[in-house]
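Step one of this worksheet: look at the structure below.
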Amino acid sequence: MFEAVLLTVITAATPLLIAAIGELVVERSGVLNLGVEGMMIMGAVVGFAVANQTGSGTLGVVAAIIAGMAMSALFGFLVLVLVTNQVASGLSLTILGLGLSGMIGEAFIGVPGLRLPELYIPVLSEIPFIGPVFFQQDAVVYLGFALVFAVSYVLFKTRAGLVLRAVGDNHTSAHALGYSVVRVRFLAILFGGACAGLAGAYMSLAYTPQWVENMTAGRGWIALALVVFASWLPFRVVAGAYLFGAVTVLTFHAQAQGLGIPSQFLSSLPYLATIAVLVLISANRRLTLVNTPACLGKPFVPDR
Amino acid sequence: MKSILKSAVAALALAAAGSAAQAADLKACFVYVGPVGDFGWSYQHDQGRLAVEKHFGDRVETAYLESVPEGPDAERAIERFAREGCGLIFTTSFGYMNPTIKVAKKFPDVKFEHATGYKTADNVATYNSKFHEGRYIIGQIAGKQSKSGVAGYIASFPIPEVVSGINAFMLGAQSVNPDFKLKVVWVNSWFDPGKEADAAKALIDQGADIITQHTDSTAPLQVAQERGVHGFGQASDMINFAKDAQLTAIIDDWAPYYIERVQAVLDGKWHSESTWQGISHGHVVMAPYTNLPDDVVAMAKETEAKISGGWEPFTGPITKQDGTEAAADGVRLEDGAILGMNWYVKGVDDKLPQ
């Protein structure tokens, strides 16, 4: 029983985790991309379409990542080269993604999809309880975990990560030191797009293997909230995504058990948890200031 | 944030709809709450619109707006249609009720049709289908086919239409298995494939081997297929998503009604009324019975014929969850009692959200 619940939680948390870890990198570089939902839904439709046409889930995932990156490249061009307003550009990216995906996906409505195969990791997958839960998943789940470790390592243990954080914290100084703010940010945005695309592919190829319009149903926005929830720290994103997934799934179990708690209250629990954590985090001013990218959302125009 | 987005989407859609051509006898316009690609509620309404186009050819022009959120945006969308020369406007979600009435007051010459509501005016008619007839049939099938004797019901919002669906399902199941158990999970959304799938998994993990839903996506059926249990399609025939799992589906067929009402406007015979029909008028259609033994198919068809002949599933004896009597033996619940249902029948394993 507990095992089954945990399996469901992992499925529910994975798309949030992947999209949020991508957005975390983007925001660490000082850019706020509100287009996560749009990039995610494009990943979902392109991933589904390619997997459906070629019969290969792997190709679908790759195509979804490329689609997410293409969307983010558009965003990057707007906010970095044309220096448009980041909030407005991000919102339009979401609207564009929702509309465009509906158009692309029209031919795939009502077509059953294919599901990414589960990869059993030798030896580890045979451990009782832990094995079936953590080591008998599809490749995207593993990739999600790997991404968290990789992002955490690169951000805090490498020079590249230091430069990225410097650009996000003080773009003028980073620029004065000779780093190309625009290039660093563009790469970060591309990474965020790739992650959002991958998260979308997980929706349409593993979570619910089908294409329907608006199937991400606001998960891109939750991913955005998770980044703040995690105070821009990678491992807290994992905690946030799993907390969110767990609360969602447990509310269904509580209802099916007939505990008699109002379902509207249960549905609002994940959001209440987010607010509570935000309050707790902001109570500690020092910690908040240390981790918040100081230049988040501020445009930068190189003077030479 | 999401509502800002949605209104922006609606505004874009409005701009697109504005550039349609003229020169038909009537322009019939449709407002949908979901995307036409939801393969559920809005999809079926759009199938009805396409049937109107096909039936009338050049005489009738149609237009639609999709993903229009319930609330102030809906009012703007409906009013825009009215200004644009739509002679007949179908507003296809419960939450469009007040906006429809408001706009109808400003445009007395335009005719409005509101789905699933209860407020009418001289130029506002309402229409709905007796979905609970189909739910009674699938309840009977569930009662026969469930090995654990427990079904899971994924519900959207605690409005009378959904509650009466749950009750009809339960009455159907109890008619063949008096000890039948029904677990209800509310996802508080009409359309969220991920959540619907999670809810289905939770129900199956807790012992349900039949899954049914009053939400719009195909995700719960897909979960049923994967887990080797059974389920029913909702709004559309979803057999392609669950070849071994779907037993039948309750299909909303709006085409006959839409064609009839457009014809009435063309003939100048349209007047405000409240239409509420089901299987007998072809507004509710059962998809082919699949993955079932012959005797169960025969039973389902017999019930279908009985309902088509005028029998009402909400005929007593019906006992409420709290033990009081809702209808005595042989007494048929009044339409109003079904349309405003806010209580569970005995045996439902859930507390109705109030």
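The values are calculated or read from the model by the stated rules, or taken from the named source; none is laboratory data. All values reported here derive from a predicted model rather than from experimental measurement. Because the Cβ atoms are built from the backbone with ideal geometry, glycine has one as well, and the counts that use them run over all protein chains shown.
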TODO: Looking for whichever is at pLDDT 80 or above, within 14 Å of chain B (Cβ to nearest Cβ) and part of a helix (DSSP H, G or I) here; the options are A:ALA239, A:ALA225, A:ALA276, A:ALA217. Which one fits?
DONE: A:ALA225
TODO: Give A:PHE265, A:PHE252, A:PHE300 a once-over and let me know the one that is more than 12 Å from chain B (Cβ to nearest Cβ) and aromatic (Phe, Trp, Tyr).
DONE: A:PHE300
TODO: Can you give me the ranges of the strands (runs of 3 or more DSSP E) entirely in segment B:239-323 with at least 3 residues that are aliphatic (A, V, I, L, M)?
DONE: B:246-252, B:284-286
Task: Leading residue by the ranking (surrounded by the fewest Cβ atoms within 10 Å (Cβ to Cβ)) among those in segment A:125-155 that are in contact with a strand residue (DSSP E or B) (Cβ under 9 Å, 6 or more places away or on another chain) and over 24 Å from A:SER56 (Cα atoms) - done: A:GLU126
TODO: Go through the residues of segment B:191-201 one by one and say whether even a single one is outside the structural domain of B:ASP58 (by TED's automatic domain parsing), over 23 Å from B:VAL150 (Cα atoms) and in contact (Cβ under 8 Å) with a residue 60 or more places away in the chain.
DONE: yes
- [ ] From (1) on the phi > 0 side of the Ramachandran plot; (2) not assigned by TED's automatic domain parsing to the domain that holds B:THR315, pick out the condition that doesn't hold for B:VAL110.
- [x] (1)
Open item on the list: I'd like the full set of residues that are hydroxyl-bearing (Ser, Thr, Tyr) and within 10 Å of another protein chain (Cβ to nearest Cβ), limited to segment A:85-115.
Closed with: A:SER92, A:THR94, A:SER101
Task: Residue count for segment A:212-230, restricted to those that are crowded, with 24+ Cβ neighbours inside 10 Å and under 16 Å from A:GLY68 (Cβ atoms) - done: 5
Task: Qualifying strands (runs of 3 or more DSSP E) (wholly inside segment B:145-214; at least 3 residues being closer than 22 Å to B:LYS346 by Cβ and within 8 Å of chain A (Cβ to nearest Cβ)) - done: B:181-186
TODO: Enumerate the helices (runs of 4 or more DSSP H) found wholly within segment A:86-163, keeping only those where 3 or more residues are within 20 Å of A:GLU37 (Cα to Cα).
DONE: A:86-105, A:139-157
Open item on the list: Just the residues that are among the hydroxyl-bearing types (Ser, Thr, Tyr), away from chain B (no Cβ under 12 Å) and assigned to a helix (DSSP H, G or I), please, taken from segment A:1-57.
Closed with: A:THR54
TODO: State the number of residues belonging to segment B:215-225 that are facing chain A (nearest Cβ under 8 Å) and modelled with pLDDT of 90 or more.
DONE: 2
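Select from segment B:16-58 the residues that are part of a loop (DSSP other than H, G, I, E, B) and at pLDDT below 80 and list them in ascending order.
B:GLY18, B:SER19, B:ALA20, B:ALA21, B:GLN22, B:ALA23
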Open item on the list: Restricting to segment A:246-294, count the residues that are more than 20 Å from A:ALA12 (Cα to Cα), in contact (Cβ under 8 Å) with a residue 24 or more places away in the chain and over 22 Å from the mean Cα position of the chain (by Cα).
Closed with: 1
TODO: Could you please find all residues in segment B:41-57 being over 12 Å from B:TYR257 (Cα atoms), within 22 Å of the chain's Cα centre (by Cα), of a type in the set (A, V, I, L, M, F, W, C) and crowded, with 19+ Cβ neighbours inside 10 Å?
DONE: B:TRP41
